[in-house]
1. When the range A:248-265 is examined, which residues are found to be part of a loop (DSSP other than H, G, I, E, B), among the hydrophobic types (A, V, I, L, M, F, W, C) and more than 11 Å from chain B (Cβ to nearest Cβ)?
2. Just to verify a result, which residue in the range B:117-165, among those that are of a type in the set (V, I, T) and more than 14 Å from every other protein chain (Cβ to nearest Cβ), is farthest from B:R94 (Cα to Cα)?
3. Could you tell me whether B:E202 is more than 8 Å from every other protein chain (Cβ to nearest Cβ), modelled with pLDDT of 80 or more and open to solvent by 70 Å² or more (accessible area, probe 1.4 Å)?
4. Determine whether A:K240 is within 14 Å of the chain's Cα centre (by Cα) and either farther than 29 Å from B:A132 by Cβ or surrounded by fewer than 24 Cβ atoms within 10 Å (Cβ to Cβ) (or both).
5. When you scan the range A:205-230, how many residues do you find that are touching a residue at least 40 places away in the same chain (Cβ under 8 Å), open to solvent by 20 Å² or more (accessible area, probe 1.4 Å), more than 26 Å from A:T84 (Cα to Cα) and not small (G, A, S)?
6. I'd like to verify a number: residues in the range A:1-31 that are at pLDDT 80 or above and not hydroxyl-bearing (S, T, Y), how many?
7. Which number in (1) farther than 30 Å from A:E191 by Cα; (2) of a type in the set (G, A, S); (3) assigned to a helix (DSSP H, G or I) marks the one condition that A:G282 misses?
8. Condition first: of a type outside the set (S, T, N, Q), part of a helix (DSSP H, G or I) and at the interface with another protein chain (Cβ under 7 Å from one of its Cβ atoms). Now tell me which residues in the range A:98-115 satisfy that.
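The values are calculated or read from the model by the stated rules, or taken from the named source; none is laboratory data. Given the structure is predicted, the values throughout are model-derived calculations rather than measurements. Note that we place each Cβ from the backbone using ideal geometry, even for glycine, and neighbour counts take in every protein chain shown. All accessible areas refer to the heavy atoms of the entire protein, side chains included, with ligands and DNA or RNA removed. Shrake-Rupley method; radii C 1.70, N 1.55, O 1.52, S 1.80 Å.
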Amino acid sequence: MLDFFEVFGEDDFAVAFFFWTLVTILAVIGAILFVSLSWLTAFVAVLAGFVIFRHVSLRRERGQLRTGRGWVTKSDPNSAVPDTSGLPAVYFLYVLGSGGHSAEMIETIKQKFCGQRNQHRRYIITSGDGSSLNMVKKLEATISDAYPDERAGTRDVFNIKRARAVHQPKCTAPFTSLLSAAHAINALTREPNLRPVRQYGYQFKYPHVIVTNGPATGFIVALVAYLLKIFYLVPQNRLKTVYIESWARTKTLSLTGKLFLHTGIADMFCVQHQPLARAIPGAEYVGQVTARLTPVG
Amino acid sequence: MASTLPRRCLVTIGATAGFQPLLAEVITPQFLSSIAGKGFENLDVQCGPDLDWFRDQLKEIPDEQRYGVKIDCFAITSNLTEYMVACRRLPGVREHGCIISHAGSGTILEVLRVSVPHVVIPNPTLMDNHQAELAEECEHQKWAIYGKLGHIIEAVNKAMAAVETGTEACTAPTPYTPPPFPVPEAERTTLFDWMVLTCYPEELRRQQYVEELRSAHFEAKPEDKAGEDQSRLQAD
């Protein structure tokens, strides 16, 4: 157990996660040994039924939300832009990947940013990804230059273990994936230090919107968030996932994109190119949110 | 046009993966003599993980095969934007330069912002050659010239010809100004703010209702509304 604390540092949630995983495994082994097989089958069937029921009902709720006004990507000067400055909290969680994914995400954040006192941002970075960390630092410097006052909001950075390092053998990948899932739970449920519960209540406890654009870590985080929602471990009006297919994909989906599309765990599945939107039913064309390009003249 | 002004060329392959075929091709005598003939004086090469290999290759090139082109190399830098800006045209100082890249999305976005003639060479050995898809789109949108390994000279010629005829997306004003931050309210992406509002259904419904009223009003009589605004302004 001591080793666990050294590996995770302060991540007591992750330690708890592993403790309960261990207990569950022991319970399952005990059940197989001492409980009749029919009871076990019944238990598994009920669990599976519950998950499927929750999945279907979550998707139905989402469909109801989408009716009414169409989503806009760029604000129209003639329209009332969505005003979030009056809300008790606005908390975004951005999952950064590597190289191009991070660069696109930073650009997306720049294109959507506006100064508000009530905002918190959390960046998730895979451990050992120094270039993404530099990009975040640069972005935060730009933000605090533009908003030297409280409107810059608060932010923090969480590290997550990579699901699979570049040359890691495939047989150990499930275990490291489990480890990154544990880190993801921690990143999704830990209250920001700068927005403590005793001062702000539970408004900043869980992120409102998770934004990811294609790294594998993003899928793990989104999946963990979805499972937390399925089992009612987090409030239902939090942890909405927005998946933005990378700007680099113009005609076909990436692997992560396919995973998101087929599992249906993203509350919104966006693509940035028209040909791709036409090819994929269920994808929302949102325009090029990562790039504001001047027209060629 | 003034061909006496110097040009700069930047080759970048990103930080993640090496791309030796591209690096090898830009230091062949044919390539160097070709760009030297166009007035290029500097060649900056960002090598990523291939830096040591590239340095070894450079040592073997004698000075007479460099045709006066000064070659600099580095692994990775945090101010690549400055290198890109150095390739821009600056009236009286230098002519349009050229950037040759590996068709990574981050690089393409940055070059478009800086606006320099751009040649993209996708790395065919990467995962299912996904960068070729983006390179095709770039060629289609005239953001960059889609070059192939073994034919970089032609691609650079094409890019330099395109910039002379003004068909490439590098007509931004000189000198370089970084994009504004925060972005103007009319250009801001509001998708994510709507998503936050879905966490507060009552507030969402209220704002949607207000928005519907407004848009209905605007579609009905846009001129009246404009006049009304005008009169309100005057009243203020």
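1. Here is the first cut: in the range A:248-265, the residues part of a loop (DSSP other than H, G, I, E, B) are A:248-254, A:264-265.
Then drop every residue that is not among the hydrophobic types (A, V, I, L, M, F, W, C), which leaves A:248, A:253, A:265.
Passing the criteria: only A:I265.
2. Ranking the candidates gives B:T125 first.
3. Against the criterion (more than 8 Å from every other protein chain (Cβ to nearest Cβ), modelled with pLDDT of 80 or more and open to solvent by 70 Å² or more (accessible area, probe 1.4 Å)), B:E202 qualifies.
4. Working: within 14 Å of the chain's Cα centre (by Cα): yes; either farther than 29 Å from B:A132 by Cβ or surrounded by fewer than 24 Cβ atoms within 10 Å (Cβ to Cβ) (or both): yes.
So A:K240 fits the description; yes.
5. 3
6. Within the range A:1-31, residues that are at pLDDT 80 or above and not hydroxyl-bearing (S, T, Y) number 8.
7. A:G282 satisfies all of (1) farther than 30 Å from A:E191 by Cα; (2) of a type in the set (G, A, S); (3) assigned to a helix (DSSP H, G or I) except (3).
8. Of all residues in the range A:98-115, those of a type outside the set (S, T, N, Q) come to A:99-101, A:103-107, A:109-110, A:112-115.
Filter again for part of a helix (DSSP H, G or I), leaving A:100-101, A:103-107, A:109-110, A:112.
Passing the criteria: A:G100, A:A103, A:E104, A:E107, A:K110, A:K112.
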